[in-house]
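The structure appears below as structure tokens.
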Ligand SMILES: Cc1ncc(C[n+]2csc(CCOP(=O)(O)OP(=O)(O)O)c2C)c(N)n1
């Protein structure tokens, strides 16, 4: 099953890049999903950046789209065929700079789309400019005085925007596999942030500051507690970093609000029918 997912394309990620962990976790999760679903009934979308090369290294249908436009593309695929399982991948620049407006509305719409942000806290492919989640003081060639603006807290933004599943994990293969499985089980928009480092432009070890929300008895059905947990880490590496599921509560999905989409869904249309 897993072999089917290989493309044989030579990777241009740096040796040891955390993106390899994401690819491995994704392949494991997809291989499990393929025990229940047909490969042609899953679509992936990536944006522009190092993360986006994922598209070349996994043999699946989908679209490698424009910078910041992963979510509109996911929503387009979903409304074209609501029976497809749709997973989008962005970098933090892609998601929180170029794509931030789409992110807020995607959470509000609550279509059954899974969205993964590979957050290395830097624009990596364009060699190290700060993104909206780069920590204060971070210095690079384009900002020699260091970042002066406080980072966004995307977990809080997602909670406030109505996302029905909000999670963060580290770039650990097992964690990624686990959270993707949980997200597939969830009916609605699932936001997952993978907090990782960029070995070249932002090489920081955040793992030792991380702790699992589940182990601390966090109630993921409670918005107030989720907000409090989200505030513990404001993208400054001095903080404690909660990982796991902050919030999960199912509510009516976008596709069920419109008769046309409901009818398409009930028809059980598959990718193969569209190709004919
Ligand atoms: C509209 C637009 N603006 C800027 C760029 C230039 N650009 C290409 S890749 C990139 C950085 C991507 O960073 P991020 O989304 O964080 O992904 P990473 O490379 O870190 O995985 C930028 C700014 C672009 N291609 N399109």
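Just so it is clear, none of the values below were taken in a lab; they were calculated from the coordinates. Every value quoted in this text rests on a predicted model; they were computed, and no experiment measured them. Virtual Cβ from ideal backbone geometry, glycine too; neighbours counted across all protein chains shown.
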Along each principal axis, Cα extent of region 16-269, largest first, Å: 57, 39, 31
At 0.36 nm per residue, minus the direct Cα-Cα distance, what do residue 208 and residue 222 gain on full extension? Give it in nm, one decimal, please. 2.4 nm
Order of 189, 184 - criterion: other Cβ atoms within 10 Å of each residue's Cβ, fewest first: 184, 189
Using a simple spin-label model with points 7 Å from Cα along the Cα→Cβ vector, what separation in nm is obtained for residue 239 and residue 39? 4.1 nm
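Between residue 150 and residue 232, what FRET efficiency comes out of the Förster formula 1/(1 + (r/R0)^6) with R0 = 22 Å and r the beta carbon distance, rounded to 0.05? Please report the intermediate quantities before stating the final value.
Values: r = 15 Å, r/R0 = 0.70.
In this case the efficiency is close to 0.90.
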Whole-Å semi-axes of the ellipsoid equivalent to region 80-125 (Cα gyration tensor, √5λ, descending): 22, 12, 7
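Under the rule of -39500 (n - 2.57) per DSSP H run of 4 or more residues, summed and divided by the residues of the chain, what mean residue ellipticity at 222 nm is obtained, to the nearest 500 deg cm²/dmol?
Values: 9 runs with 84 residues, N = 276.
So the calculated ellipticity at 222 nm is -8500 deg cm²/dmol.
Take every DSSP beta bridge whose two residues both sit in the chain, then give the antiparallel share in percent to the nearest 5. Mind dumping the intermediate values first?
Working: 7 of 37 bridges.
Once the DSSP bridges in the chain are tallied, antiparallel ones form about 20 percent.
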Using alpha carbon centers only, region 42-73 is separated from region 141-160 by a whole-angstrom value of 24 Å
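For region 1-155, what does the alpha-carbon gyration tensor say about shape, rounded, prolate or oblate, given a ≥ b ≥ c as the root eigenvalues, a/c under 1.5 as rounded, and a/b over b/c as prolate? Walk me through the intermediate numbers first.
On the way: a/c = 2.51, a/b = 1.46, b/c = 1.71.
Because a/c hits 1.5 or more and a/b fails to exceed b/c, region 1-155 counts as oblate.
Would region 103-216 count as rounded, prolate or oblate if I go by the C-alpha gyration tensor, calling it rounded below 1.5 in a/c and otherwise prolate when a/b exceeds b/c, oblate otherwise?
On the way: a/c = 2.16, a/b = 1.57, b/c = 1.37.
Since a/c reaches 1.5 and a/b is larger than b/c, the shape of region 103-216 is classed as prolate.
Using Cβ counts within 10 Å as a stand-in for footprinting exposure, how do 200, 192, 179, 241 rank, fewest first?
Numbers: 200 14, 192 22, 179 26, 241 17.
Ordered from fewest to most neighbouring Cβ atoms within 10 Å, 200, 192, 179, 241 come out as 200, 241, 192, 179.
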Distance (nanometres) between label positions extended 7 Å along Cα→Cβ at residue 199 and residue 142: 2.4 nm
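Which ordering of 116, 70, 9, 22 is given by a fewest-first count of other beta-carbon atoms within 10 Å? Kindly include the intermediate steps, with their values, before the conclusion.
Numbers: 116 29, 70 35, 9 12, 22 23.
Exposure proxy ranking, most exposed first: 9, 22, 116, 70.
Suppose R0 equals 35 Å. What FRET efficiency, 1/(1 + (r/R0)^6) with r the Cβ-Cβ distance, do residue 14 and residue 61 give to the nearest 0.05?
0.80
Please state the shape class of region 1-71: rounded when a/c is under 1.5, otherwise prolate if a/b exceeds b/c and oblate if not, all from the C-alpha gyration tensor. Spell out each step's value before the answer.
Numbers: a/c = 1.98, a/b = 1.23, b/c = 1.60.
In terms of gyration-tensor shape, oblate.
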Rounded to the nearest 0.05, what FRET efficiency is calculated for residue 252 and residue 101 with R0 set to 25 Å and r the Cβ-Cβ distance? 0.65
